[in-house]
1. List the longest stretch of the chain that has no exposed loop site; here a site is one of the chymotrypsin sites (Phe, Trp or Tyr not before Pro) assigned by DSSP to anything other than H, G, I, E or B, with at most 16 other Cβ within 10 Å.
2. With 10 angstrom as the radius, rank 82, 56 by how many other C-beta atoms surround their C-beta, starting from the fewest.
3. With a sphere of radius 13 Å drawn around the Cβ of residue 121, what net charge do the other residues whose Cβ falls strictly inside it have (Lys, Arg +1; Asp, Glu -1)?
4. Can you give the net charge of the other residues whose Cβ lies under 14 Å from the Cβ of residue 15, counting K and R as +1 and D and E as -1?
5. For segment 45-90, what is the convex hull volume of its Cα atoms per residue in Å³?
6. Translational D (Stokes-Einstein, µm²/s) of segment 16-109 at 25 °C and 0.890 mPa s when Rh comes from the Kirkwood sum over C-alpha pairs?
7. If eta is 0.890 mPa s and T is 25 °C, what Stokes-Einstein diffusion coefficient results for segment 6-67, Kirkwood Rh from Cα pairs, in µm²/s?
8. Reachable lysines from residue 15, Cα under 29 Å, same-chain residues fewer than 8 places away excluded?
Amino acid sequence: MDANSWEEVAHLSQKERQLVLKISGFHETAWGSRGVYIGHDMPTSEWSDRLHTALDHAKTQPWILQEFREGRKIEHPVFRDDGSIEMMQGRVRLCPYYFTNNDDETTFGGCLATIVPADKKKIHGMSDGVLVPCVVGKQD
């Protein structure tokens, strides 16, 4: 994508809009994939409206614009309510967590993997999703 203004971004073609626009922070629409807009999945007029809304509210509520990346399919065991274990085909979103100590040193603490059924495009905490904590093991 080669754009020099927000107006150019607002009028990119559907093919060029491999972008995700989402509200950030603790806004009531910042969870459960609400407030998440996938550029190539909507008409130009709606994309333009959403982008202008984000720009209009940028001083009071931050928004994020990022490249859309299709989640890789994986297979992972999940526990079912009846105690059985089933292999789930899914897509994963990784959310890294960093921690800063009193000396202002920041270190990576691990991440939370959200695994959802493979047919879902937006990955978020849903009733059929699985949350898995991840850490980096020590190398010998």
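1. The longest such stretch corresponds to 69-140.
2. The fewest-first ordering by Cβ neighbours comes to 82, 56.
3. Combined, the nearby Lys, Arg, Asp and Glu give +3.
4. Neighbourhood net charge equals -3.
5. 150 Å³
6. Estimated via Stokes-Einstein, D reaches 149 µm²/s.
7. Here the translational diffusion coefficient equals 210 µm²/s.
8. Result set, ordered by chain and number: 73, 120, 121, 122.
Every read-out reported here was derived from the displayed coordinates using simple, explicitly stated rules and does not represent laboratory data. The model shown is predicted, which means the values in this text are computed figures rather than measured ones. FYI the Cβ positions are ideal-geometry reconstructions off the backbone, even for glycines, and counts take in every protein chain you see.
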